[in-house]
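K.L.:
One structure, pasted below without further comment.
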Amino acid sequence: MPPDPRFYTAAGPLPLKNLVLLTGAKLHNQVDALREVKSVAPVENAGPDDLSFFDNRKYKDAFRNSGAGACFIRPTDIDLAPAGMALLLHDAPYHAYAIAADALFPRPVIKNKISEHAFIHDSASIGAGCEIRAGAVIGPKVEIGARCLIEANAVIDRAVKIGNDCRIGAGSSISHALIGHRVSLYPGVRIGQDGFGYALSPKGHVKVPQLGRVVIEDDVEIGSNTTIDRGSNQDTVIGRGSVIDNLVMIAHNVKIGPMCVIVAQSGIAGSTQLEPGVVLAAQTGIAGHLTIGAGARIAAQSGVMRDVPSAKEYMGSPAMPIRQYFRQVAWLEKMAAYVGDKTDHE
């Protein structure tokens, strides 16, 4: 169904020629250039004013019967399209759809307004055009760039620096951190608290001072209730363009390279390094002091206990190359069937 107008405001209608310019798609039929779309919806319940996308042939029946007015599709799927639908041809339909949907439903404009119920220390510096909502606490010597949104009850501690065009979610807390431009932190995020460092002893565990920072580079997104510890004797670093889902734990001294993807409930132990473009699927656990090579992909619920080479796919616990994992699963299934058959004949 289309987005609920109580929560989302459409910027449309938009002519398809505008979406072509935005996304780099090509119209299958140029007569559709002035055709307009007002909203977005999945192919199975889209209407004549809606824009949709078709990216997986698993849903070809729904696409054939779709009532969408316009749809992003691959050029190879033209034969599946129903009559009357305007086709926007693109090699990555979902990517193009994301750009178009953002144009149709842009984020709310940040208001140049500071609530009288926010607390801002006299020594803090707030850039032009910021919106700071009720209950926010901004500590001494904090620096916040231009056009930032600080939502309700967020706490930004002493000397934290935040770049331009950032969004800090409700109820989040930030300390000991340097944050770049266009960073989004969702509600409940915890940045910069003590890492879990102890010198263990039968006489009592001694807390090791955590004297590093968290450095978050430009264009990073961090999901709700994710926790990123500051470094112990160096910085914890989140690389440019990386996206981190909800409920992720990143320990002290971890280095995450540019353009990494970390999905929900994953955990990364201290001093591990993710090189550029690594993908961790949901509930992945990474032991400490490891290196995950550039472009490596780790399947869901894997437990990684040793270094992973670049551009490899690993799975399982302990994690291993994905083909090796599936061979083991197949062998276990054969052995289980053999044992079961033998037991049945006894």
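The values are calculated or read from the model by the stated rules, or taken from the named source; none is laboratory data. For clarity, every value in this text was computed on a predicted model and none was experimentally measured. All Cβ positions, even for glycine, are placed from backbone atoms using ideal geometry, and neighbour counts span all protein chains on display.
K.L.:
Could you please give the count of residues in the stretch 16-69 that are of a type in the set (A, V, I, L, M, F, W, C) and within 27 Å of the chain's Cα centre (by Cα)?
P.N.:
Within the stretch 16-69, residues that are of a type in the set (A, V, I, L, M, F, W, C) and within 27 Å of the chain's Cα centre (by Cα) number 12.
K.L.:
Please list, ordered by first then second residue, the pairs with beta carbon atoms under 6 Å, 6 or more apart or interchain, first in the stretch 144-165 and outside the structural domain of E217 (by TED's automatic domain parsing) and crowded, with 20+ Cβ neighbours inside 10 Å, second hydroxyl-bearing (S, T, Y) and part of a loop (DSSP other than H, G, I, E, B).
P.N.:
Within 6 Å, no pair qualifies.
K.L.:
If you don't mind, another one. Give me the pairs: first residue in the stretch 234-253 and in the same structural domain as V189 (by TED's automatic domain parsing) and buried (at least 18 other Cβ atoms within 10 Å of the Cβ), second residue at pLDDT below 95 and in a loop (DSSP other than H, G, I, E, B), beta-carbon distance under 8 Å, and six or more apart or on different chains, which are they?
P.N.:
These pairs meet every condition: T236/G195.
K.L.:
Test R306 against the stated conditions and say whether it is in the same structural domain as T272 (by TED's automatic domain parsing), over 21 Å from the mean Cα position of the chain (by Cα) and either surrounded by 17 or more Cβ atoms within 10 Å (Cβ to Cβ) or in a helix (DSSP H, G or I) (or both).
P.N.:
Details: in the same structural domain as T272 (by TED's automatic domain parsing): yes; over 21 Å from the mean Cα position of the chain (by Cα): yes; either surrounded by 17 or more Cβ atoms within 10 Å (Cβ to Cβ) or in a helix (DSSP H, G or I) (or both): no.
So R306 fails the test.
K.L.:
Something else about it: One residue is enough: does the stretch 95-105 have a residue meeting the conditions assigned to a loop (DSSP other than H, G, I, E, B), touching a Lys or Arg at 6+ places or on another chain (Cβ under 8 Å) and not acidic (D, E)?
P.N.:
Within the stretch 95-105, none of the residues are assigned to a loop (DSSP other than H, G, I, E, B), touching a Lys or Arg at 6+ places or on another chain (Cβ under 8 Å) and not acidic (D, E).
K.L.:
I need a count of the residues in the stretch 198-233 that are free of Cβ contacts under 8 Å to residues at least 12 places away in the same chain and either crowded, with 17+ Cβ neighbours inside 10 Å or at positive phi (or both).
P.N.:
So the count comes out to 1.
K.L.:
Please verify whether V155 is farther than 16 Å from I238 by Cβ and of a type in the set (V, I, T), treating the condition exactly as stated.
P.N.:
Taking the combined requirement at face value, the residue satisfies it.
K.L.:
Say we look at the stretch 264-285 and pick out the residues that are hydrophobic (A, V, I, L, M, F, W, C), touching a strand residue (DSSP E or B) at 6+ places or on another chain (Cβ under 7 Å) and in a loop (DSSP other than H, G, I, E, B); which of these is nearest to P309 (Cα to Cα)?
P.N.:
Looking at residues that are hydrophobic (A, V, I, L, M, F, W, C), touching a strand residue (DSSP E or B) at 6+ places or on another chain (Cβ under 7 Å) and in a loop (DSSP other than H, G, I, E, B), I get V278.
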